[in-house]
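What follows is a structure written as structure tokens; I'll ask about it next.
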Amino acid sequence: MANTWGYGAMTNSLNDIQNAKAIIIFGANPAVNHPVGFRHLLVAKERNNAQIIVVDPRFTRTAAHADLYAQIRPGTDIAFMYGMLNIIFKNGWENKEFINDRVYGMDDIRKEAAKWTPERVSDVTGVSTQKLIQITNAYARQTPGTLLWAMGLTQHTIGSSNTRIAPILQLALGNMGVEGGGCNILRGHDNVQGATDMCCLSHTLPGYYGLSDGSWKYFAKSWGVDYNWLKGRFKAKEWMNKKGFTLARWYAGVLAGKAGEDKIHNAGTNLKALVVLGNGITSIDQQAKVKEALDNLELIVIADPFVNEAVVLTDKKDDVFLLPAASQFETSGCVTATNRSAQWRSQVIEPLYESKTDQDLMFELAKRLGFYKEFTKGMLMKENKKSFKWPEDATDEFARIIKTIGFTGWTSKRLKNHQKNWDKFDHVSLMGYGPMKGEYYGLPWPCWTETHSGSPVLYDINRSVKEGGMGFRNRFGLMHDGVDLLAGKGSAPKDSANPDGYPEITAKNIEKVLGITLSASEKKRIGKNWKVDTSNIIAQKCMERGMAPYGNAKARANVWTFPDRIPMHREPLHSPRQDLVKEYPTYKDKPNHYRVDTRYASEQDKEDWSKKFPINLITGRLVNMNGAGVETRSSKYLAKLSPEMFCDINPGLAANHDIKNGDMMWIHSPSDTKIKVKARFTYSVAEDRVFLPMHFAGYFQGEDRSAHYPKGHKPYAVGESANTVTNYGYDIVTQLPETKGGLCRIEKA
Amino acid sequence: MSSFARMKFYCDEKRCIDCDGCSVACDEAHELPVGISRRKVILLNEGIEGKEFSTSVACMHCTDAPCEQVCPVNCFYIREDGIVLHDKNICIGCGYCLYACPFGAPQFPTDGAFGTRGVMDKCTMCAGGPEPTNSDAERKLYGQNRIAEGKVPACAAMCSTKALIVGDAQSVSKIYRERVASVGHGVQSAPYGWSKAYGK
Amino acid sequence: MQNTTQKALSTRIGRRSFLKMAAVASAFGATSAFASGNVTRAATKEEVKNPFPGSKLVKTICTSCSVGCGVIAEVQNGVWVRQEVAQDHPVSLGGHCCKGADMIDMVRSEIRNKHPMVKENGEWKRISWDSALDRISKKLEDLRKTSGPDSTMFLGSAKFNNEQAYYFRKFAAMYGTNNIDHQARI
């Protein structure tokens, strides 16, 4: 998404969905995963007669409230959306003006879409041509329409193409930058958006600054440390610039060198220590490998309010540390909701028992590892203080530094004020009234200055930049293949001094692009470009001129830096349709993908997987559970709603295997792993697939590992982890695991 | 208080999404033992297109409550506002009320603070019981008394989609009528007629 | 309860329209078995209004999903006694799913980790924070020297608040590795 138009985040808000006239949902189940957010969809349905359309391999609770539902084969969303585009283009339902002024490369999409006739789409996706036409008709002819997605779209080898075709569909219909439209990704955990913005990620620094020398130097300076000192902390400079291992495949970093394991490129060493703060690693796929990796580590450090079941999974006998972490109610700070808005959490109680907050744990470790002074210096710099106050000074630190996504306005003072006055905001637009007038609730980023309103709808040119308007980001240069990448004439935000497209603002071009003259003092203080301008002169001047610091460009349907320039359908590595594998093969194997060689074609071609593993395997969430589930399984009231692990199976499929409702059954994966679970009859899955909830742990391949819990800490519900049998396979760009499109074999236990 | 119509629960099936927010809100608010489910969400026809739906059920606080009529020890009493309560110190745990109740509301625990004699437990509409209001004794036996505090019962207050509505019958019907009347009118961001009269 | 209040009242105002006891107790001068024979004390106004006198309400946000529902915690003497309803929150209007409605029990769960533990010879052993931190940092420092900083993997959390997430990234940077990630990757 970021590669399409600049930012990879939900463009509108849950409340804004109330403005939608049509709602289409791919691979998301908000009725289960975001129940309170789902209210906004129901209101749109009630008040606007908005049709809710659900495209999902499983008849979910969300589908139960849908007007139209298509049961798609897992991993074929691209084909489905090309099918929609085919019908849209054929009937001329696209928004031609919008495409012309604000989109680059739509012609390439048009060509590919022409190949996806309804008949072909039907063959690939398993959805009837009639249904496809009906859905396209219902969605494309009502504007604004909003498009929602979640993990069902991202957790595929082609996930990064999935997340591009959906924006393309919205761009074609001109549904971007309007109230009631947009691409609304529903984030999982409470602060996925925030932790991603802060970049607890192996490929970039906070604020998506990347890992280039320039970024490191900017951060060294902003943290108040010597760049050379920082460089010296790494093994060698090159390892500062190289992406690290990911959560999805860290285990490969431990196991490398053993027979049959993927090769790694990690500064000449395997991973030997694992430090985990609040991450349920039983929710990542390939649990058998994860177990082996845990067993082979020299040190495991885990801080969690509950027993992280990694320690139950492993047979490692020494140097496994389990530290009691405080919950988010025992500390304070801000959290970013799925719509990019920040909310302040006040501390409810002191940490219970001997638990420590995550920051205190980090501070204590930094002291012992000898970099505490450097670590905390950033909090002292704004006001040249002697000591810091957590978390306010940390909030103000990143507000001071992160310009890329417009954090300047997120001062702790403003965020606290929003919390205090959260009753003074409109329930649809989230615009404040009374003392909060002129600010949107939670100051959704980008919030360019300390007085900016926040931006409730990304890329909206119907409002001024001061009120949160903007065009698409100029991020990919000015020209490509001789085509202008800046926005077309007249497509600038309301009240813009420049009515056309313009490049991102730098110290060099600011006077020309904004049509202003800087004073000598301003020239002296201004930073090199808008991303590193800590003087805020660029942002200030831009606000005055009604222009966005990041420019005004076209979104791109063609991403020339990606393995697939335009999204292409490719079959999952383990596909039930071998005939289609030949037509839509996966990628070539990818060496050094986040430090580990990753198999694509060699895995797909290894054998006809569908022969031994004829059943599609899909995983997902339950309403009463969250992530790896230990937190929710440790609550007696939530545990009682689903006290044991189960497998949703269609009675027809079950009958073919002589499995009765409530029988135990084995599920075998192509990686030679298996789990034993209870069959639960339901018609929500078709006869060619089974569904597993992903929240359980405590059993491993039929073995009850209860004895490994420290005494008195076993959750109220335990069971097999679905991720023991999810298949090998990772996204070609992001390395997200392919947990939503794999194969399995079932038998009665 | 006497001018109140009778207190009612209403669950809008079009909005209920089977999230169990209400039932857990109830469990948690009254710190119920795990075996007790004063409120339950029922899902029917799971996975069948066009037929799946869910609804939230607890004691409906009936007029002419059947439970009260069959109770052999007269442990039930009905407040002026229609909330049906019972006295756990009188209840003998016989279970007649369960036979009589059309909603399966009465609960019979076997252990824990509530169940020493297996006496019946049920939804109080967050109105406590006969013990002094907001006393420890009341809280232990019946849970919170939110009605006395002027607060909405926990289940409806925390309903994720506002499917579950509670209040005196007139208020409940007013909310539902507004919902029905608003269908197709779009989201109101300015007063009705504003754009027609004064432009956008 | 021998001479039950219900019976006493039923003769006066009819069996089906009993008022709430405490509200009428003093008016009717009824007795309660719980007051061990004494005259029932009428509930004070403060008690009727607030069962947790002197408590304060703390505004915070649910830690479950990214909708960001408001939570109001009622705290009395440093104890979270009740989860109140954030009816005026602009996104959630007080609504919660079952996870959100249960935040208070997550925090108060009896099976939370209570003190640092270490596995030694396959057995869990309680240790002090100081000893845990010393042992961990010594081991990390040793590995850093012998195998380099890239021998350590840091896994952070989407349950961090922003400040913690930002500092965790900084921690890995200053430790000297890009081997850091969190749940957004799955």
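What does the extension gain come out to for A:E644 and A:N384, with contour length at 0.36 nm per residue minus their alpha carbon separation?
The A:E644-A:N384 span can extend by a further 88.1 nm.
Could you derive backbone 3J(HN,Hα) for segment A:465-478 from the dihedral phi with the Karplus parameters 6.51, -1.76 and 1.60 (θ = phi - 60°), listing whole Hz in sequence and x where the residue is Gly or Pro?
4, 4, 9, x, x, 4, x, 7, 7, 8, 10, 10, x, 9
If amide hydrogens are placed 1.01 Å from N in the peptide plane, which non-local residues have theirs closer than 5 Å to the one on A:A697?
So A:A697 has HN proximity to A:G719.
I would also like to ask the following. For the pair B:T63/B:K174, report the inter-label distance in nm, with labels modelled 7 Å from Cα in the Cβ direction.
It is 2.0 nm.
If contacts are Cα pairs under 8 angstrom and at least 6 residues apart, what is the relative contact order of chain A in percent?
The value is 15 percent.
So what is the relative contact order for segment B:1-133, in percent, with contacts set as C-alpha pairs under 8 Å and at least six apart?
Worked out over segment B:1-133, it gives 23 percent.
Another one. Starting from the amide H of A:T146, placed 1.01 Å from N in the peptide plane, find each other amide H under 5 Å away whose residue is 5 or more places distant or on another chain.
Correct list: A:K21, A:A22, A:I23, A:I24.
So what is the calculated 222 nm ellipticity per residue for chain A, using -39500 (n - 2.57) for each DSSP H run with n of 4 or more, over all residues, to the nearest 500 deg cm²/dmol?
Calculated from helices alone, the mean residue ellipticity at 222 nm is -8000 deg cm²/dmol.
Oh, and also: Pairs of Cα atoms under 8 Å, at least six residues apart: use those to get the relative contact order of segment C:54-151, whole percent.
Computed value for segment C:54-151: 15 percent relative contact order.
Okay, moving on. Taking amide H atoms as placed 1.01 Å from N in the peptide plane, list the residues 5 or more away in sequence, or in a different chain, whose amide H sits under 5 Å from that of B:D168.
So B:D168 has HN proximity to B:K8.
With the crude spin-label approximation of a point 7 Å out along Cα→Cβ, what separation in nm comes out for C:E123 versus A:K523?
7.7
Beyond a 21 Å Cα-Cα separation, which of these cross-linked pairs lie in this structure: B:K162/C:K99; A:K389/A:K541; A:K385/C:K56; A:K96/A:K131?
As for pairs spanning more than 21 Å Cα to Cα, those are A:K389/A:K541; A:K385/C:K56; A:K96/A:K131.
How charged is the neighbourhood of A:L430? Take every other residue with its Cβ under 14 Å from the Cβ of A:L430, and add Lys/Arg as +1 and Asp/Glu as -1.
With Lys, Arg at +1 and Asp, Glu at -1, the net is -4.
Helix B:169-181 against the longest principal axis of chain B: what's the angle in degrees, Cα atoms only, rounded to the nearest 10?
Long axis of B:169-181 versus the principal axis of chain B: about 30 degrees.
Past 27 Å, Cα to Cα, is the threshold; run A:K437/C:K59; A:K612/A:K676; A:K382/A:K554 against it and keep the listed order. Working shown, then result.
Numbers: A:K437/C:K59 21 Å; A:K612/A:K676 18 Å; A:K382/A:K554 36 Å.
Over 27 Å apart, Cα to Cα: A:K382/A:K554.
Further question: Modelling each spin label as a point 7 Å along the Cα-to-Cβ direction, I'd like the A:N49/A:T451 distance in nm, to one decimal.
So the two model labels end up 4.6 nm from each other.
Given a Förster distance of 35 Å, report the FRET efficiency between A:Q130 and A:V483 from their Cβ-Cβ distance, rounded to the nearest 0.05.
The calculated FRET efficiency here is 0.35.
Oh, and also: Using 0.36 nm per residue, how much length does the chain from A:D495 to A:N296 gain when fully extended, once their Cα-Cα distance is taken away?
65.5 nm
Okay, next question. With θ set to phi - 60°, apply the Karplus curve 6.51 cos²θ - 1.76 cosθ + 1.60 along segment A:236-253 and write out the HN-Hα couplings as whole Hz, x wherever there is a Gly or Pro.
After applying 6.51 cos²θ - 1.76 cosθ + 1.60, I find 7, 4, 4, 6, 6, 8, 8, 4, x, 5, 10, 4, 5, 9, 4, 4, 4, x Hz.
For segment C:143-156, in order, what is each residue's ³J(HN,Hα) by Karplus, 6.51 cos²θ - 1.76 cosθ + 1.60 with θ = phi - 60°, in whole Hz (x at glycine and Pro)?
Those phi angles translate into 5, 4, 6, 7, 10, x, x, 6, 7, 10, 10, 10, 10, x Hz.
Could I ask something else about it? Applying 1/(1 + (r/R0)^6) with R0 = 45 Å to the Cβ-Cβ distance of C:Q76 and A:K611, what FRET efficiency is obtained, to the nearest 0.05?
Given R0 = 45 Å and the Cβ-Cβ separation, E is 0.10.
Which whole DSSP H helices in chain A pass both tests: a Cα extent of 18 Å or more along the axis and a mean Kyte-Doolittle value no lower than 0.0?
On the way: long enough: A:35-48 (20 Å, -0.32); A:77-91 (21 Å, 0.83); A:159-172 (20 Å, 0.31).
Flagged H segments are A:77-91, A:159-172.
Let me ask another. I'd like the distance separating the alpha-carbon centroids of segment A:511-558 and segment C:138-178, in whole Å.
Spelled out, the Cα-based centre of one part sits 35 Å from the other.
Roughly speaking, what is the centre-to-centre gap between segment A:565-607 and segment A:614-680 when only Cα atoms are used, to the nearest Å?
28
What's the extension gain from A:K263 to A:D663 if we count 0.36 nm per residue and subtract their Cα-Cα distance?
139.9 nm
Just so you know, all these numbers are worked out from the coordinates, no wet-lab data involved. Just so it is clear, the structure is predicted and the values come from calculations on it, not from any experiment. Here Cβ is always computed from backbone atoms with ideal geometry, including for glycine, and neighbour counts include all displayed protein chains.
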